[in-house]
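Participant: Before I ask anything, let me first share the structure, which is written out below as structure tokens.
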Amino acid sequence: MNDQNLMQNILLLEKGVCDLYMHGAIESGTENVHQTFQTALNASLNMQDDIYSTMLSKGWYTAKQVEQKKIQNVKQKYNGCQCGQ
């Protein structure tokens, strides 16, 4: 396993951990438990960002530039959206 594959696997695992912590925070029954999950989530998000930044700097994670027209289309679609209400 090369370094790139290792980093990809670590990033995927970290994303899964973030998902678990997020659900733990959402479903927690007490403020103490909620705060513990939220603290762990924030630490994991920071670690995920560090992994992503390292991979990006090495060219192992490529981000595509989105056309401005597509961004405008999404903005128009959701402009004034009363989502969830």
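The values are calculated or read from the model by the stated rules, or taken from the named source; none is laboratory data. Just so we're clear, the structure is a prediction, and the values are computed from it rather than from any experiment. For neighbour counting, all protein chains shown are included, and Cβ atoms are generated from backbone atoms with ideal geometry for every residue, glycine included. Just the protein is used for accessible areas: all its heavy atoms, side chains included, with ligands, DNA and RNA removed. Shrake-Rupley method; radii C 1.70, N 1.55, O 1.52, S 1.80 Å.
Participant: Of the residues that sit in region 23-60 and are among the aromatic types (Phe, Trp, Tyr) and part of a helix (DSSP H, G or I), which one is nearest to ILE10 (Cα to Cα)? So that I can check it myself, show each step before the final result.
Facilitator: Residues of region 23-60 that are among the aromatic types (Phe, Trp, Tyr), as a first pass: 37, 52, 60.
Going one step further and asking which of them are part of a helix (DSSP H, G or I), we end up with 37, 52.
Numbers: PHE37: 20, TYR52: 10 Å.
Among those residues, the one meeting the criterion is TYR52.
Participant: On to the next question. What tally of residues in region 61-85 results from selecting those that are over 30 Å from ASN9 (Cα atoms) and at pLDDT 85 or above? Full working, then the answer.
Facilitator: Within region 61-85, the subset over 30 Å from ASN9 (Cα atoms) is 68-85.
Checking which are at pLDDT 85 or above leaves us with 68-79.
Of the residues in that region, 12 qualify.
Participant: Looking at MET1, MET7, which is the one that is part of a helix (DSSP H, G or I) and not polar (S, T, N, Q)?
Facilitator: Numbers: MET1 fails: part of a helix (DSSP H, G or I).
Just one listed residue meets the conditions, MET7.
Participant: Looking at LYS15, LYS75, LYS64, which is the one that is open to solvent by 60 Å² or more (accessible area, probe 1.4 Å) and over 30 Å from ASN2 (Cα atoms)? Give the steps one after another, and end with the answer.
Facilitator: Working: LYS15 fails: over 30 Å from ASN2 (Cα atoms); LYS64 fails: over 30 Å from ASN2 (Cα atoms).
Within the list LYS15, LYS75, LYS64, the selection yields LYS75.
Participant: Let me ask something additional. Name the residues in region 47-60 that are among the hydroxyl-bearing types (Ser, Thr, Tyr) and free of Cβ contacts under 8 Å to residues at least 12 places away in the same chain, would you?
Facilitator: Scanning region 47-60 gives SER53, SER57.
Participant: In region 23-42, which residue that is open to solvent by less than 90 Å² (accessible area, probe 1.4 Å) and β-branched (Val, Ile, Thr) is nearest to the chain's Cα centre (by Cα)?
Facilitator: Restricting to residues being open to solvent by less than 90 Å² (accessible area, probe 1.4 Å) and β-branched (Val, Ile, Thr), the top hit is THR39.
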